[in-house]
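The values are calculated or read from the model by the stated rules, or taken from the named source; none is laboratory data. The structure presented is a predicted model; accordingly, all values stated were derived computationally and were not measured. Using ideal geometry, Cβ is built from the backbone for each residue, glycine included, and neighbour counts are taken over all protein chains shown. Calculation scope for accessible area: heavy atoms of the full protein, side chains included, ligands and nucleic acids excluded. Shrake-Rupley method; radii C 1.70, N 1.55, O 1.52, S 1.80 Å.
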Amino acid sequence: MKSTGPEYAQDQFKAGYQDRFGGFLAGCEERLTRISHGPGGRLGEACALTLAAGGKRLRPLLVFLTTKKGYEVDERIYAAAVAVELVHMASLVHDDILDGAQLRRGQPTLAARYGPLIGAAAGDYLFASAFKTLAAQGVPRAVSMLASASLGLSRGEFAQMEQARDHRLPVEAYLMRCRLKTAGLFSAACSLGSLLSGCREQTISAMSGFGRSVGMAFQITDDILDFAGESAELGKQAGADLRDGTVTMPLMIGLERDTSLAGLLGVEPRDPVVAEICRRVRDTGALDDAAKETARHVAQAQDAARAAADEIDAEPLILIAEMAAERKK
Ligand code: FPP
Ligand code: MG
C-alpha cells in the first residue's frame, strides 16, 4: 500500500514545507473561526463545534500550494482556501446526517449532539458562507469552479444513496462517484489556487487534473481504510460503509474473488458480521488491488505536477500526492 515506508512523504513534507504553510493555515483558521461564530446562538455554537473538531485542512493547503511561484499570498487566496474548507465541512455535516454517523474526527457528530435539524441548518450556513466569502473577491470564474464542484458533491452523494447495496455495480460507477463526491472539490481547490494567482490556462488545467487525481487517491484510500483501519485511529467507525450499504472498490474486488461473501451481505450488519466481512475481504487480497488503483492516481497527479513545474513548485505537490495514499485516517 505504501511505496516509500510509513509516513515517509508526510514526514518529508512537514520537514521541508511546514514553515512555509504554517502561517497561512493559521490565517485560514482565524477566518474560519470568525465565520463559524458569525450567526451566534445555537447555530453559531453548532458551526463552531464543527470547526473545532479539527481536520487535516488539506484543501486549503492545496489552494496555497498551487499558487504561482513567487506569488505573495493575499486575501483572494485566503478566501478561496476558506471557501473550499467550508464546502467540505458542510458536506461532512450533511453526510453524517444521511449516514446516521455518530462519530467524526473522534467527536460526536453534530447530528448526534443536536439532532438532524440543527445539523442541517449548520451545514447550510457553512455552505452559504463559502459562497459569500468567495464571491466577495469578485471573480465569477472562481465562484463557478466552486459551484461546479458542489454540484458534483450533491450528485455523487445522491448516486451513492441510489447505488446502496447494489453488489453488481461496475467499478466504473464507483470511480465516477469518487470523482463527483471527492475529486471535484480537490480539483476546484487546485484550480482556484492557480487561477487566482494568475497562472496560464495550461497550468490551471494541469492543476485541475492534479487535484482530481489526488482526490481519487484520497477517496479510494478512505474506502480501503474502512476495511483495514481501527475506529480509534480513524476517528470514525470502521466498517461504516458496510453498515450503510455503500459498495466500494475493496468490496467489489472481494466479492469477485470470494462469491460466498454475498451470503453475508444479506445478513443484518451487526458488529461481528461486519468484522467477518472485513476480514474475508482482506483475505482475498482486495485491499492491495484497490491500493494499485490508488497508486495509478498518485502517479497521474505527480505527472501533472511535473508538467506545471515552470509556474508551480512541483516538489510539495509530489509529496502531497504520495501522502494521499499513505494516510491512516
Ligand atoms: C464523505 O465521504 C462525504 C463526501 C465527500 C460528500 C458529501 C456530500 C454531500 C452530503 C452532498 C451535499 C453537500 C454539499 C455541501 C453540496 P464518505 O462518506 O465516503 O466518507 P466518511 O467515511 O468520512 O463519511
Ligand atoms: Mg460518509
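Applying the selection to the stretch 240-293, what residues are surrounded by fewer than 15 Cβ atoms within 10 Å (Cβ to Cβ) and in contact with an Asp or Glu (Cβ under 8 Å, 6 or more places away or on another chain)?
The one that is surrounded by fewer than 15 Cβ atoms within 10 Å (Cβ to Cβ) and in contact with an Asp or Glu (Cβ under 8 Å, 6 or more places away or on another chain): 283.
Counting only residues that are among the charged types (D, E, K, R) and within 14 Å of ligand 1 (Cβ to nearest atom), give me the helices (runs of 4 or more DSSP H) lying completely in the stretch 38-145 with at least 1 of them.
Result: 58-65, 75-99, 116-135.
Pairs, please: C-beta under 8 Å, at least 6 apart or cross-chain, first residue touching a residue at least 24 places away in the same chain (Cβ under 8 Å) and in the stretch 147-159, second open to solvent by 40 Å² or more (accessible area, probe 1.4 Å) and within 16 Å of ligand 2 (Cβ to nearest atom)?
152/181; 153/181; 156/181; 157/94; 157/98; 157/181
For the stretch 158-176, which residues satisfy the criterion of being within 16 Å of ligand 2 (Cβ to nearest atom) and either open to solvent by 30 Å² or more (accessible area, probe 1.4 Å) or within 23 Å of residue 63 (Cα to Cα) (or both)?
Result: 158, 161, 162, 163, 164, 165.
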